[in-house]
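> The following block contains the structure, expressed as structure tokens.
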Amino acid sequence: MERSFYMERLPYIDEHAISVGAPRERVWEAVVEVVRREMTGAERIARALGCDPAVASERFDGSVGQTIPGFRVAAAEPGRRLELRGRHRFSDYQLTFLLDDGRVRAETRAAFPGLHGRCYRALVIGTRGHRLATRRLLRQIVARA
């Protein structure tokens with residue numbers, strides 16, 4: 001991916017937050033583990049959508065440049081923020097996990113260009129599928145932390 005993709009500001013979609021009663025370091029470890037575990041099995045879907053990236057890095061600890069299917073770590077501040085970016089035929093997207101004192105937030109930004117992009121947005125965002133998946137990730141992070 002070219003560097004400009006990482007610097008481009010994408011339109012805001014939504015943000016979800018959940019309380020967590022664990023130290024930030026433990027929450028960070030949980031974010032990395034849950035993201036790695038949940039996304040690593042998605043290579044088939046990532047390839048079908050034409051995701052960049054479509055495969056996972058050999059190792060994933062949340063370091064900048066590492067990948068999981070559909071996402072590349074664009075920015076990381078351990079204990080504070082993990083920014084994942086990706087793109088496919090229908091969308092450019094960003095999922096950022098923000099760790100505050102006592103809670104973890106997941107912010108989504110995305111662009112859906114063209115007719116196919118608008119249809120994809122209706123399918124993923126309009127049906128609440130994205131919302132349910134994001135909240136599920138947050139619950140798993142809390143359970144793991």
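> Note down all Cβ pairs under 7 Å where the first residue falls in the stretch 3-19 and is over 10 Å from Asp92 (Cα atoms) and exposed (fewer than 13 other Cβ atoms within 10 Å of the Cβ), the second is modelled with pLDDT under 95 and not charged (D, E, K, R), and they're at least six residues apart or on different chains.
Sorted first by the residue in the stretch 3-19, then by its partner, the pairs are Ser19/Gly102.
> Being of a type in the set (Gly, Ala, Ser) and crowded, with 17+ Cβ neighbours inside 10 Å narrows it down to one of Ala143, Ala106, Ala133, so name that one. Break it down stepwise before answering.
Working: Ala143 fails: crowded, with 17+ Cβ neighbours inside 10 Å; Ala133 fails: crowded, with 17+ Cβ neighbours inside 10 Å.
Criteria check complete, one pass: Ala106.
> For the stretch 118-143, give me the residue count where each residue is out of contact with any helix residue (DSSP H, G or I) (no Cβ under 7 Å at 6 or more places or on another chain) and more than 30 Å from Gly21 (Cα to Cα). Don't jump to the end; show me each part of the working.
If we filter the stretch 118-143 for residues that are out of contact with any helix residue (DSSP H, G or I) (no Cβ under 7 Å at 6 or more places or on another chain), which is where we start, we get 118-123, 125-129, 131-136, 138-139, 142-143.
From the residues that got through so far, the ones that are more than 30 Å from Gly21 (Cα to Cα) too are 118-123, 126-127.
So the answer is 8.
> Which of the residues spanning the stretch 39-74 are of a type outside the set (Lys, Arg), in a strand (DSSP E or B) and touching a Gly at 6+ places or on another chain (Cβ under 7 Å)? Spell out the reasoning first.
Quick first cut of the stretch 39-74, residues of a type outside the set (Lys, Arg) only: 39-43, 45-46, 48-58, 60-71, 73-74.
Add one more test, that the residue is in a strand (DSSP E or B), and what stays is 52, 67-68, 71, 73-74.
Correct list: Asp52, Phe71, Val73.
> Looking at the stretch 90-108, can you tell me whether even one residue there is of a type in the set (Phe, Trp, Tyr), within 27 Å of Ala22 (Cβ to Cβ) and either in contact with a helix residue (DSSP H, G or I) (Cβ under 9 Å, 6 or more places away or on another chain) or not in a helix (DSSP H, G or I) (or both)?
yes
The values are calculated or read from the model by the stated rules, or taken from the named source; none is laboratory data. Keep in mind that this is a model prediction, so the values were computed, not measured. Neighbour counts run over all protein chains shown; Cβ positions are idealised from the backbone, glycine included.
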